[in-house]
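Notes to accompany the following structure.
Read the figures in this text as sums done on the coordinates, not as results from a lab. Every value quoted in this text rests on a predicted model; they were computed, and no experiment measured them. In this analysis, Cβ positions are derived from the backbone assuming ideal geometry, glycine residues included, and neighbour counts consider all displayed protein chains.
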Protein chains: 2
Amino acid sequence: MLVAALELIDQNGVEGFSVRDLARKLGVFPTAVYWYVESRNALISGAVSHVMKDIRLPKADGNWQEELRGLFRRYRLAVRRHPNVAVVLGAQLVSNESPDPAFIDAILALLEAAGFKDGGLVHAYNVVIAAMVGFVTMEMASRPADDPQGWADAHESHMQSVSAADHPALARHLPRLMKKAFIVRSSSGIEHPLDTSFEAWVRVCLHGLTVLLPAADAAKSKGAVDAKSR
Amino acid sequence: MLVAALELIDQNGVEGFSVRDLARKLGVFPTAVYWYVESRNALISGAVSHVMKDIRLPKADGNWQEELRGLFRRYRLAVRRHPNVAVVLGAQLVSNESPDPAFIDAILALLEAAGFKDGGLVHAYNVVIAAMVGFVTMEMASRPADDPQGWADAHESHMQSVSAADHPALARHLPRLMKKAFIVRSSSGIEHPLDTSFEAWVRVCLHGLTVLLPAADAAKSKGAVDAKSR
DNA sequence: ACCTGAACACCGTTCAAGT
DNA sequence: ACCTGAACACCGTTCAAGT
């Protein structure tokens, strides 16, 4: 049943998913669904959390940065298989019901082993979750359901016509940005994956995380001016 | 009209927003709305992009990291005023119609001045957008609309009952995580803002971004093993 | 235990008609 | 130009009734 729901979401998006469609697909009266599930939202939650189920968790031994990199990649691949789910998964992350404690535990154990402590550990944890989910949610965001092709065409010509006088930097880099940059692109990450930018994102987040390690404070007090300022 | 729509979204969420409610609020027949706007989605887009309108853009002169930090903070404050909009704003970012070119241009100019070049510039741009939007979208994500209080209670007791044997790291840090950590928390960022984690996030992203600077490659080629490795 | 069937209170959107 | 009014094809969800 949740599998059937997920298939429908893959076809029509979360917005376009209806209990009555699901009932039709299952060859049953719409109201029969309510014997198994409390509401449409619960159904969506269930289907969505199915996507997270098979993601292998990181191990606390080994290089913590490589473990996280692997986790981020696996999360992205899992979402790529059900891109319509990205929004809900990102916004609610295991929206309803049991948000697998093993998942949380694995990340905490990994970060602890890496040397994060106390408040820094909590921050590192939040950074990891946001990093894992943030980029992919944006990458997979789909264009307006109303008239995708019409929107894409209008958007593209709108972008092509930016004035070099008013927006020189944008005009200068436009060719490079058309299919590869958020906001500028007129397609979604399903049609045009942002592979290299994703890898850059992971690199940025993993490198940046070291700033939350206790050791970072010591290094900094040697007088280096860096992002910690202010 | 878009203002009235935004007020309704603030009250009932995007999901709960209806054209007929809006018409009621404006003292007009539901169908009259369609003289001004093409569809419910266009209405939501318009209302949502209103939230982005007043955000001050960064300047290309001055410290690029401080400029970005300011932008991230302003974005967050703008979304905090209309938290229900976070999901749509995050997923679609200026979902329909003109995605203000000045905004894109300002970020590109800033990154160029900071020394990002070619492909690294595109990556840095994508990282900046994802960083700005990612954390805040997650932070403001609201709990299931069905029965928020019931969900929160169930979630909290579910979390309280994690087995220390099965999930030692989680159990050990639970008190610290309850109101401050993604997934674990049972409230949203509106009730319990994640201020310090947000600042940590910004620090991580800004520090991490330096890894995409051309200078970073030079420094790296001296033999340091770091996050660039695969 | 599991499903049907009827019913309720909603939707977004169209189109012709009014002014 | 701007709005009404009727109508269409949908919704999610309830509750009693069937088996």
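Restricting the range B:76-135 to trypsin sites (Lys or Arg not before Pro) that sit in a DSSP loop and have at most 15 other Cβ atoms within 10 Å of their own Cβ leaves B:117. How high is the relative contact order of chain A, given as a whole-number percent (alpha carbon pairs under 8 Å, six or more residues apart)? Result for chain A is 18 percent. Among the chymotrypsin sites (Phe, Trp or Tyr not before Pro) in the range A:1-87, those located in a DSSP loop and surrounded by at most 16 other Cβ atoms within 10 Å of their own Cβ are A:36.
Note on the protein assembly as shown: percent of Cα-Cα distances in each 10 Å bin, starting at 0 and stopping at the bin with the largest distance, equals 4, 20, 31, 27, 14, 4, 1, 0. Residue exposure proxy: B:104, A:44, ordered by other Cβ atoms within 10 angstrom of their Cβ from fewest to most, comes out as A:44, B:104. Taking every alpha-carbon pair under 8 Å whose residues sit at least 6 apart, the range B:82-196 reaches a relative contact order of 27 percent.
Across the copies of the chain, residue B:61 has label points (7 Å from Cα along Cα→Cβ) spaced 5.8 nm apart, shortest distance listed first. In whole angstrom, how far apart do the alpha carbon centroids of the range A:185-214 and the range B:41-56 sit? Cα centroid to Cα centroid, the span is 26 Å.
Label points for residue A:171 are taken 7 Å from Cα along Cα→Cβ. From this copy to the others they lie 6.5 nm apart, shortest first. Screening chain B for DSSP H helices whose Cα atoms reach 30 Å or more along their own axis and whose mean Kyte hydropathy is at least -0.5 gives B:118-140. Each copy carries residue B:4; placing its label point 7 Å along the C-beta direction from Cα gives inter-copy distances of 4.2 nm, listed from smallest up.
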